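All remarks here apply to the structure that follows.
No value in this document is a laboratory result; all are computed from the given coordinates. Computed from a predicted model, the values in this text were never measured in an experiment. Quick reminder, even Gly has a Cβ in these numbers, built from the backbone with ideal geometry, and neighbours come from all protein chains shown.
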Amino acid sequence: MKKLIEFSYDGQEALKTVIEESSYRTLEQAIACLATFAHPDTVRATNTRHLFCVVRTQKNAARGQIVDLGGGVRALQDDNLTPTNAFIWAHGIRRNQYKDVQFNHVWGQSANITAYTNLANIFLLPSFLSKLTDTHPEVRALLRYRCYELFQYHPEGTPVPEMPGAYNKLQWAEPFPYVSDLRARLRRAMTSSPRSRTTISAREIGWYFSGYEPDTEI
C-alpha cells in the first residue's frame, strides 16, 4: 500500500488512486454517482431563479447585515447557512439525516444574488470529494455540464458549458424526488425557524415566492 510520501504529498493523486481501485474506477464516475442535484421540475417551480436575497460574506460581524447591491436590489449577508437551508428545506431533509457531506455550488459566484441560493446551482456531495469542485478543472466542467443538462442553467455572463468528452460514458445519480409543494414546504420551514438569517432575509427583503418583496406573514 502506497504512503502519502509516495504521492509526493499530493492528496488529489492519492484520492485518484483510491478511487481507481474501487468499483467506481475513475474519479469522474465517482463524482457522477455521488453528486446529487434537485429535480428539474422542482427547479422549474422557481423559474430557475434564486430563492432568497442573500450573498456571502467572509466577515463574521457582517453576517445578518443588509447591503445595497445597487439598482434598488438589497441582500442580506450570510455564510453558507442560507444556501444550505434553501436546499435542505426544499427537500425536507433534517440535519441529523446527513453526515460528512457538503452543499456545494456548481458556479462559485457567492457575491451574485441570482446564483447563491438558486437550487439549480446547489448540489450535495460527500465531503471527501467536495474540495475537487474548487481545485479540479475537469470535475468543475463535468458538474457545470450536468447542471446545464438538468436545468439549462448557467449564470448570466458565463458561456454555455461544453459537454466533456467522457460525459456520455458516465452513470449519473438520479436527482432528489420532485417537490410538488415547494412554496408551502419552505414556508413551514421558515415558520419553524423564525430567527434564522434565511427567514429574516425573506421577512425583511423578500424571497422568490413573495415576488422579492418583504414577506410580513413569516
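Structural remarks
- Mean sequence separation of contacting Cα pairs (under 8 Å, at least six apart), scaled by the length of the range 4-210, corresponds to a relative contact order of 30 percent.
- The separation of the range 22-95 from the range 116-187, counted between C-alpha centres, amounts to 11 Å.
- Other-chain or far-sequence residues with amide H under 5 Å of GLN102's (modelled H): LEU125, SER127
- Computed over the range 80-180, the quotient of the alpha carbon radius of gyration and 2.2 N^0.38 Å is 1.07.
- If only the Cβ of Lys and Arg carry +1 and only the Cβ of Asp and Glu carry -1, the dipole of the chain around its Cα centre is close to 580 debye.
- 28 Å Cα-Cα reach of LYS16 towards lysines, excluding residues that sit fewer than 8 places from it in its own chain: LYS2, LYS3, LYS99, LYS131, LYS169
- Taking amide H atoms as placed 1.01 Å from N in the peptide plane, the amide H of ARG74 lies under 5 Å from those of LEU69, each 5 or more residues away in sequence or on another chain.
- J(HN,Hα) series, the range 105-112, from Karplus relation 6.51 cos²θ - 1.76 cosθ + 1.60, nearest Hz, glycine and proline x: 9, 5, 10, x, 9, 6, 9, 9
- Rounded to whole numbers, the Karplus 3J(HN,Hα) couplings from phi for the range 125-130 are 8, x, 4, 5, 9, 5 Hz, using 6.51 cos²θ - 1.76 cosθ + 1.60 with θ = phi - 60°, and x at Gly and Pro.
- Residues with amide H under 5 Å from that of ASN118, placed H, sequence gap 5 or more: LEU51
- Cα-based Rg / Dmax (Å) for the range 1-62: 19.3, 50
- Dipole of the range 4-210 computed with +1 at Lys/Arg Cβ and -1 at Asp/Glu Cβ about the Cα centre; of LEU81, ALA202, THR114, farthest Cα towards the positive end is ALA202.
- Couplings for the range 63-78, taken from phi via the Karplus curve 6.51 cos²θ - 1.76 cosθ + 1.60 with θ = phi - 60°, read 5, x, 7, 9, 10, 9, 8, x, x, x, 9, 10, 9, 8, 8, 8 Hz in order; Gly and Pro are left as x.
- Pairs of Cα atoms farther than 25 Å apart, the range 4-210, %: 40
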